[in-house]
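Report on the structure given below.
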Amino acid sequence: MNSVKSICVIDGQGGGIGAAIIKRLKALFEEQVEVVALGTNAIATAQMLKARANRGASGENAIVVTVPRVDIIIGSVSIVMANAMMGEVTPKIAEAVSSSPARKLLIPIFQENVVIVGALSVPLPHIVDTLIDEHLAPLLS
């Protein structure tokens with residue numbers, strides 16, 4: 001690995017998806033990566049910090065300010081959809097994530113009235129494994 005990469009994990013509601021991703025990241029890469037937890041609310045951020053994120057912040061402004069400064073953004077596809085997660089993803093958040101120069105690794109889990117045709121119904125642990133093993137690990141080597 002050339003240098004420490006900053007990886008931003010964005011989650012909302014209860015923070016369970018973000019926490020699962022961060023646990024796996026930290027187990028594999030330890031401190032070779034800096035993991036920034038950004039929650040759309042304080043509960044999500046707290047759960048991701050418990051999972052060993054290096055630092056975290058909550059809310060629209062924290063997300064809008066941070067996402068242009070990280071190397072990689074990870075989250076559900078909902079983070080690029082205005083008003084997703086029962087309104088927790090504001091239009092400003094969706095625009096900031098979409099416009100960020102960071103590489104975005106999005107998983108097809110959401111509660112919106114949207115279907116991603118071709119996306120398979122796979123348990124979250126398998127999605128996290130695929131995300132890290134096939135898409136993130138090559139970026140970090």
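No lab work stands behind these numbers, since they all come straight from the coordinates. Note that this is a predicted model, so its numbers are computed, not measured. Here the Cβ is made from the backbone with ideal geometry for all residues, glycine too, and neighbour counts use every protein chain on show.
The H on the amide N of S76, modeled in the peptide plane, is under 5 Å from the matching H of I107, each at least 5 residues off or on a different chain.
Of the residues S100, S121, S76, the one that moves most in a GNM of the chain with alpha-carbon contacts below 10 Å is S121.
Segment D133..I116, full-extension length gain: 3.9 nm, with 0.36 nm per residue of separation and the alpha-carbon distance subtracted. As a proxy for reagent exposure, ranking E88, E34, E134 by other Cβ atoms within 10 Å from fewest up yields E134, E34, E88. What the phi angles of region 54-65 give under the Karplus curve with 6.51, -1.76 and 1.60, with θ = phi - 60°, is a coupling list of 5, 7, x, 8, 10, x, 4, 5, 4, 5, 4, 6 Hz, glycine and proline written as x. The candidate values were (i) 8.3; (ii) 11.4; (iii) 7.6; the one computed from these coordinates for mean projected area of the Cα convex hull in nm² carries the label (iii). Modelled spin labels at E60 and L28, positioned 7 Å past Cα toward Cβ, are 3.4 nm from each other.
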